[in-house]
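**Q** Okay, handing you the structure first.
All of the numbers you see were taken from the coordinates with simple rules; none came from a lab. What you see is a predicted model, and the numbers here were worked out from it, not measured in a lab. Here the Cβ is made from the backbone with ideal geometry for all residues, glycine too, and neighbour counts use every protein chain on show.
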Amino acid sequence: MPATVEVELFGLPRLYAGAERYEVPAGTLAEVLAALAEALPGLSPAIICDGRPTELVRVALDGRAMIEAPDHRLHGGEVLVLVSAQAGG
Amino acid sequence: MGLFRQILRVHVSEVGKGLECARVPLDDAVYRDFVGGVGLGAYLLWRYAPAGVDPLAPEAPLIIALAPLLGTPLTTTAKLAVVCKSPLTSRISDGLSSSRFALAAKRLGVDAIVITGAAAELSILHLDEELGRCRLEPCRALAGASPAEVGAALPGCHVAAIGRAGENRVRFASIANDGRHAGRGGAGAVLGAKRIKAITVRGRAQPALADPQAVRERARDLAARSLGAATDKYRRLGTVANVETFDRLRILPARNFQAVSIGRRKAKRLAPEGLKAAAGHVREGCAGCTIGCDHRFGGTRLEYESLFALGPLCAVDEPQRVLAAAAACDRLGLDTISAGGTLAFAMECCERGLLPWPLAFGDDLVPWLERIAARDDLGDRLAEGSRRLAAEVGQGSERFACQVKGLELPGYEPRTMQTTALGLAVAARGADHNRSGAYQADLRPGVDRFAAELEATPLRVIETEDHAALLDSLILCKFLRGAIARPWEESAELLAMTAGLDLDAAALRATCARITGLRHLFNRREGWTIAEDTLPERFFAEPLDGGEVVDRELLRAMVGRYYRERGYTAEGLLDDAALGRLGLRSLAPRLPPAAAADP
């Protein structure tokens with residue numbers, strides 16, 4: 001069974017994707033986000049552009065560290081939490 | 001609309017015995033040094049507030065500071081700042097709100113209104129461009145009325161008003177205009193202490209723009225940018241969407257900061273879709289704004305901060321109950337964060353057996369908000385805010401009174417947002433998410449929000465403070481910040497084309513450091529010491545379920561570092577060199593001897 005990464009979507013990413021969660025094959029962050037954008041085309045290009053998160057979104061690894069390096073390796077079993085970049089209120 | 005280069009001074013005295021109104025010119029240098037909004041307000045507070053004044057005394061000024069961009073076609077600029085010495089914190093307080101009242105106030109032909117004195121009875125202060133027509137009107141019949149009811153009683157007028165809480169000098173009472181509130185710090189109590197129920201403004205003045213064509217072109221451009229993806233969150237979801245996100249990231253304060261999550265199911269009920277399902281939804285916008293972020297559920301305007309404070313913080317998870325509490329705060333004229341924060345503290349006191357009150361987490365807040373506004377029995381004690389209530393309760397309760405400098409914390413958990421922890425500790429206004437946007441830094445890639453860094457964290461706080469000082473002095477809505485890629489350069493251009501102020505980006509950065517410095521200097525004059533720049537004991541001593549705490553020694557070291565990076569002494573004092581660097585030396589003679597002689 002291929003290793004997968006679970007993606008949870010909140011705020012704008014959820015609004016654009018029309019989905020709350022999705023599972024994609026593990027790989028680099030760029031590969032994972034590209035696969036996600038292909039599966040949920042509403043995310044492209046405002047939220048994910050060319051496999052990279054745009055300035056509107058933050059990607060929290062397991063809900064903790066915000067990551068953005070395209071070559072960040074995800075081995076499977078991780079949870080990526082996509083949230084709106086703007087936090088104010 | 002640029003600037004008028006004059007302010008209106010109003011001294012309120014007994015009805016029938018005259019209202020002293022005078023225009024006072026301001027030198028161009030004041031605008032170059034402090035711009036407008038919170039910057040100009042800080043300057044005027046420094047100038048007109050007697051040192052050590054009781055915030056509720058007649059001589060304490062209430063300042064309505066307008067701004068250079070107000071009244072122009074530039075989007076999101078219909079804003080004013082209400083500045084005073086806070087009756088809650090005894091430190092500087094400034095609150096912003098957007099309204100047609102702000103637009104109308106500018107047409108008085110002044111850049112600020114400074115109100116001192118007190119009326120003999122509850123009155124309406126009518127301000128007219130023609131000073132001879134300014135007057136006080138007794139309004140006993142409006143006692144206890146909501147700001148909306150006051151507005152309805154004054155058809156055709158642009159009105160700023162207080163509710164029952166302001167009349168009763170609740171220390172966290174707000175001033176409402178067009179349903180928006182200058183909420184934090186208790187400006188409503190300051191106006192109430194002057195026995196002014198409402199202010200109306202009427203005028204037709206219109207100063208020339210420095211470059212009208214450039215302003216028109218920029219207004220079109222900015223409006224187009226304001227409708228882009230960068231503001232989509234505010235427009236399509238509203239800030240209430242933060243609840244579910246923050247719950248997932250473990251930064252949502254719950255049960256008086258005893259927890260950082262209320263669970264996915266409850267968070268979803270308080271998310272936009274849950275609120276819509278419970279109460280229906282319409283979206284509106286502030287005056288002169290193209291974003292339209294004003295989301296109303298069941299007719300009640302709701303932002304994240306109100307939702308967090310009147311919901312998870314008090315363990316209230318029924319959407320209808322939260323909306324009823326928010327509506328009550330609007331009606332009574334209460335700051336939602338301090339109201340929720342004080343009630344959450346009292347709930348925990350009751351839970352621990354420290355207060356024998358019939359109050360528990362999850363209770364309906366509306367009857368308690370009514371008691372606070374009326375200062376009725378137990379409400380009288382809650383109306384003093386959590387710091388004073390904790391001092392009265394004692395028994396160690398101070399450690400979980402979640403306030404800084406007396407101001408209750410906004411909806412960001414310091415233990416899982418360590419840049420925010422420092423930002424809250426050093427902010428001049430007290431626990432502050434408006435003049436210090438440190439939470440933004442915590443959610444950036446490359447920042448470990450669970451671990452502060454002695455060198456980097458203070459710099460991040462300074463950056464967000466100065467950026468806030470910029471936007472809050474222009475005044476430009478922070479919700480537009482994502483659409484402005486070069487804020488310093490573009491702001492300098494905006495000031496040049498509107499007000500004719502010649503400031504480049506570097507000069508503007510220096511100006512914002514000066515504004516932050518003056519706000520700090522005011523606090524110093526009013527008795528601030530570095531011991532205030534800390535957090536409640538809970539955040540040092542009570543780990544979250546993931547083991548997170550704020551490191552007390554590291555926070556203390558970062559506070560010192562923050563001041564050194566600002567060019568102050570490590571004790572947070574502005575020596576002569578620092579005053580000179582900031583361009584504040586000319587104000588220094590007004591410092592009391594101890595501060596003037598700061599080493």
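**Q** Can you list the residues, at least 5 places off or on another chain, whose amide H is less than 5 Å from the amide H of B:Arg91, using H built in the peptide plane?
**A** Correct list: B:Ser86.
**Q** To continue, here is another question. Considering only C-alpha atoms, what is the centroid distance from region B:416-443 to region B:327-369, in Å?
**A** Rounded to whole Å, the Cα centres lie 24 Å apart.
**Q** Quick one: if you stick a label point 7 Å off each Cα along the C-beta vector at A:Glu6 and B:Glu565, how many nm between them?
**A** It is 3.7 nm.
**Q** Spelling out what I want: for every residue of region B:53-62, take phi, set θ = phi - 60°, compute 6.51 cos²θ - 1.76 cosθ + 1.60 (Karplus), and round to whole Hz; glycine and proline get x.
**A** 5, 5, x, 9, 7, x, 6, 6, x, 10
**Q** Moving on. Of B:Gly423, B:Val12, B:Leu45, whose Cα points farthest to the positive end of the dipole of chain B (charges on the beta-carbon: +1 Lys, Arg; -1 Asp, Glu; origin at the Cα centre)?
**A** Going by the charge dipole, the pick is B:Val12.
**Q** Compute the FRET efficiency between B:Ala120 and B:Ala29 as 1/(1 + (r/R0)^6), taking r as their Cβ-Cβ distance and R0 = 45 Å, and round to the nearest 0.05. Kindly include the intermediate steps, with their values, before the conclusion.
**A** Working: r = 39 Å, r/R0 = 0.86.
That pair, B:Ala120 with B:Ala29, gives E of 0.70.
**Q** For the protein assembly as shown, what does -39500 (n - 2.57) per DSSP helix run (n ≥ 4), summed and divided by total residues, give at 222 nm, in deg cm²/dmol to the nearest 500? Please list the in-between numbers first.
**A** On the way: 27 runs with 255 residues, N = 688.
Computed mean residue ellipticity for the protein assembly as shown: -10500 deg cm²/dmol.
**Q** What size of dipole, in debye to the nearest 20, comes out for region B:273-352 about its Cα centre when the only charges are +1 on Lys and Arg C-beta atoms and -1 on Asp and Glu C-beta atoms?
**A** Numbers: 7 positive and 11 negative charges, 42 e Å.
It comes to approximately 200 debye.
**Q** Something else about it: Give the relative contact order (percent, whole number) for chain B; include only Cα pairs under 8 Å separated by 6+ residues. Could the numbers behind the result be given before it?
**A** On the way: 1402 pairs, mean separation 90.1, N = 599.
RCO, chain B: 15 percent.
**Q** Further question: Roughly how many Å is it from the Cα centre of region B:76-122 to that of region A:24-89, as a whole number?
**A** 44 Å
**Q** Which one of B:Ala456, B:Gly292, B:Val243 has its Cα pushed farthest toward the positive end of the charge dipole of chain B, where Lys and Arg give +1 and Asp and Glu give -1 at the Cβ?
**A** Selected residue: B:Gly292.
**Q** Using the Karplus curve 6.51 cos²θ - 1.76 cosθ + 1.60 with θ = phi - 60°, work out ³J(HN,Hα) for each residue of region B:77-93 in order, rounded to whole Hz, and write x for Gly and Pro.
**A** 10, 7, 10, 10, 10, 9, 10, 6, 7, 6, x, 8, 10, 6, 10, 5, 9
**Q** What is the distance, in nm, between label points placed 7 Å from the Cα along the Cα-to-Cβ direction at B:Asp545 and at B:Ala391?
**A** Roughly 3.6 nm, to one decimal.
**Q** So, one more: Please compute the contact order of region B:444-596 in relative form: average sequence separation of alpha-carbon pairs under 8 Å and at least six residues apart, divided by the residue count, as a percent.
**A** Values: 110 pairs, mean separation 37.9, N = 153.
25 percent.
**Q** What is the set of long-range amide H partners of B:Leu359 at a cut-off below 5 Å, with H atoms built 1.01 Å from backbone N?
**A** none
**Q** By per-residue mean of other Cβ atoms within 10 Å, what is the highest-first order of B:476-488, B:380-392, B:242-254?
**A** Numbers: B:476-488: 19.2, B:380-392: 21.5, B:242-254: 25.9.
Ranked from most to least packed, the peptides come out as B:242-254, B:380-392, B:476-488.
**Q** A follow-up question, please. Can you tell me the relative contact order of region B:6-202? Whole percent, Cα pairs under 8 Å, sequence separation 6 or more.
**A** 23 percent
**Q** Counting only other residues whose beta carbon sits under 9 Å from that of B:Ile462, what net charge do I get with K and R as +1, D and E as -1?
**A** Values: positive: B:Arg460, B:Arg566; negative: B:Glu463, B:Glu465, B:Asp466, B:Glu565.
Spelling it out: positives minus negatives among the neighbours equals -2.
**Q** What angle, in degrees between 0 and 90 and rounded to the nearest 10, separates the Cα long axis of helix A:29-39 from the longest principal axis of the Cα atoms of chain A?
**A** Value to nearest ten degrees: 70.
**Q** Can you list the HN-Hα couplings for region B:121-137, worked out from phi with the Karplus curve (6.51, -1.76, 1.60; θ = phi - 60°), rounded to whole Hz and with x for Gly and Pro?
**A** For region B:121-137, the Karplus curve yields 8, 4, 9, 9, 9, 9, 10, 10, 4, 7, 4, x, 9, 5, 7, 9, 10 Hz.
**Q** Right, another one. With springs only between Cα atoms under 10 Å, which of A:Ala30, A:Ala39, A:Ala65 fluctuates most in a Gaussian network model of chain A?
**A** For chain A, modelled as a Gaussian network with Cα springs under 10 Å, the answer is A:Ala65.
**Q** Now, a different point. My understanding is that a pair violates if its Cα-Cα distance is over 23 Å; which of B:Lys106/B:Lys405; B:Lys79/B:Lys197; B:Lys266/B:Lys405; B:Lys85/B:Lys197; B:Lys106/B:Lys478; B:Lys197/B:Lys478 do that in this structure?
**A** Values: B:Lys106/B:Lys405 33 Å; B:Lys79/B:Lys197 21 Å; B:Lys266/B:Lys405 32 Å; B:Lys85/B:Lys197 19 Å; B:Lys106/B:Lys478 21 Å; B:Lys197/B:Lys478 29 Å.
Too far apart for the 23 Å limit: B:Lys106/B:Lys405; B:Lys266/B:Lys405; B:Lys197/B:Lys478.
**Q** Hey, another quick one. Tell me which residues come under 5 Å, amide H to amide H, from A:Val57 once H is placed; ignore anything under 5 positions away on its chain.
**A** Placed amide hydrogens put A:Ala85 under 5 Å from A:Val57.
**Q** Still on this structure, I have one more. Give, rounded to the nearest 20 debye, the magnitude of the charge dipole that the protein assembly as shown has about its Cα centre when Lys and Arg contribute +1 at Cβ and Asp and Glu contribute -1 at Cβ.
**A** Working: 83 positive and 85 negative charges, 318 e Å.
Its charge dipole is roughly 1520 debye.
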